[in-house]
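Inspection log for the structure reproduced underneath, given as structure tokens.
The values are calculated or read from the model by the stated rules, or taken from the named source; none is laboratory data. Bear in mind the structure is a predicted one, so any value in this text is a computation, not a measurement. Methodologically, a virtual Cβ is constructed for each residue, glycine included, from the backbone with ideal geometry; neighbour enumeration extends over all protein chains shown. Accessible surface is based on the protein model in full, side chains and every heavy atom, while ligands, DNA and RNA are left aside. Shrake-Rupley method; radii C 1.70, N 1.55, O 1.52, S 1.80 Å.
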Amino acid sequence: MIKNLQSLRFVFIMQVVMSHIIGKSFDFGGECGVAFFFMLSGFVLSYNYGKEISEDTFRPVRFLEKQLAKFYPLHVLTFVVMILLDARLGRFFEWEKLVANLLLLQSWVPSDNFYYVGNGLSWFLSDLLFFYVVFPFVYRLLMHTSVRRLLVGAVVVLTLYATLAVYIPERMINPLLYAAPWTRLLDFSIGIIVLRFYLSETGKTFNAWLANKSTAMVTQAEIVLTIAVLVSFFFYEHASLRFRCASFFWLILPAVIYLFVATDQLSGYVTKLLHQPLMQWLGGISFEIYLMHYVTMRILYSGLASIGVNEEGRLTLPVLLLTLVVIFIVSYLTRRFFVSPIYARLLLLIK
């Protein structure tokens, strides 16, 4: 396990969580977090399964079964809970929207009305499921194509993407650029390309050069890149909606993934922070934090309002701290008593 990436899962999942707590004024957090996790998925899957694919020992059906066993039970649980909460308020949805969300097909429908049925966060899983299906094909294409052809292909794809981004109606930006699996496949592919560079001779040379640097130099590189991510927030505010929902992050986030993989075994102080047991633990429940945080917030805020606390729904520091603590506790308990036991049992059936 790459410990830096484990902790970065928590860092970027918290950007998503904070974007939902704060609201529109922090859209950066949600869009940055989503882009990071799509790229991270491409990198990690390639890192873990690339050798099997290259040696033709990869079993795609078993791979899909394992991935579904990890997230689908929790998806169903949060889906049912949110539907019950909506029904309690007299809010009901058309059957086709319910089926699409339950089966994780909602992101293929170019309409915002389909994404926020049940646990609206599951649109992300809809995209991931598509990535898992095409992963071995995309991996072979990106890892075994010559650099020259890869560059030509990249120019063609980016030109088509830019054309689409510029000319589609504004109401289609979210359905086609932010949520659609076939456009977000670019983020996933970037993660695979990062691994290709990491394993290349150029990447190995850079890794060796970095390993010979002092702790101060490594730390400086880590801090500079961290500051670059923070600075990107201010540029994001002035970027076009057509690009900031996805492609805005295609330069900075690959560098984040690459550098923190390269420094994982080094002595930089940011790496030392990311290796702390608490950060590793929080990274380990990041998936549960993602799927459970909206459900948790909805129940918590409803409960607070029912006892006359924070009836105005204002975000105060005490409410924020309480929200985060409850989210962490609920996520840990969900992993400990629901996700892990079910996953272990399903693995026995898959073998």
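Note down the relative contact order for the range 1-141 as a percent, whole number, built from C-alpha pairs under 8 angstrom at least six residues apart.
Relative contact order, the range 1-141: 19 percent.
In the chain, taking the dipole from charged Cβ atoms about the Cα centre, the farthest positive-side position among 128, 29, 160 is held by 128.
Residue 72 exposes around 70 Å² of accessible area when a 1.4 Å probe is run over every protein chain in place.
Report the charge-dipole magnitude of the chain in Debye, nearest 20, computed about the Cα centre from +1 at each Lys and Arg Cβ and -1 at each Asp and Glu Cβ. Walk me through the intermediate numbers first.
Working: 28 positive and 20 negative charges, 140 e Å.
The dipole of the chain has a size of about 680 debye.
Each Lys and Arg adds +1 at its Cβ and each Asp and Glu adds -1 at its Cβ; summed about the Cα centre, the range 72-199 shows a dipole of about 420 debye. Of the peptides 157-165, 194-202, 284-292, the order by per-residue mean of other Cβ atoms within 10 Å, starting with the highest, comes out as 284-292, 194-202, 157-165.
If each residue of separation counts as 0.36 nm, what is the full-extension length gain between residue 141 and residue 211 once their alpha-carbon separation is subtracted?
Numbers: separation 70, 0.36 × 70 = 25.20 nm, distance 3.07 nm.
Roughly 22.1 nm would be gained on extension.
Computing FRET efficiency as 1/(1 + (r/R0)^6) for residue 168 and residue 314, where r is the C-beta to C-beta distance and R0 is 45 Å, gives about 0.75.
Whole number please: convex hull volume per residue, Cα atoms of the range 251-350, in Å³. Numbers along the way, then the final one.
Numbers: hull volume 17.7 nm³, N = 100.
Here the figure is 177 Å³ per residue.
In a simple Cβ point-charge model (Lys, Arg +1; Asp, Glu -1; nothing else charged), the range 174-243 has a dipole of about 140 debye relative to its Cα centre. Just want the answer: with Cβ charges of +1 for Lys and Arg and -1 for Asp and Glu, which residue in 220, 46, 251 is farthest toward the dipole's positive end in the chain? Highest projection toward the positive end goes to 46.
Rounded to two decimals, what is Rg over Rh for the range 270-329 when you use alpha-carbon atoms and the Kirkwood radius?
Details: Rg = 14.3 Å, Rh = 13.0 Å.
On the Cα set of the range 270-329, Rg over Rh gives 1.10.
Largest accessible area first, the residues 336, 148 order themselves as 148, 336 under a 1.4 Å probe with ligands, DNA and RNA left out.
Taking the centroid of alpha carbons for each part, the range 234-256 and the range 140-179 are 15 Å apart.
The residue among 174, 315, 150 whose Cα reaches farthest toward the positive pole of the charge dipole of the chain, with charges on the beta-carbon of Lys, Arg, Asp and Glu, is 150. Note on residue 20 and residue 275: the extension gain reaches 89.1 nm, defined as 0.36 nm multiplied by sequence separation minus the Cα-Cα distance. For the chain, the Cα gyration tensor yields ellipsoid semi-axes of 32, 25, 22 Å (square root of five times each eigenvalue, largest first, whole Å). To put it simply, the accessible area of the chain at a 1.4 Å probe is 68 percent carbon and sulfur.
Of 24/272; 3/66; 204/272; 70/204; 51/204, which ones are farther than 26 Å apart at the Cα? Beyond 26 Å between Cα atoms: 24/272; 70/204.
Solvent exposure of the chain, expressed per residue, is 51 Å² of accessible area, with all protein chains present and a 1.4 angstrom probe.
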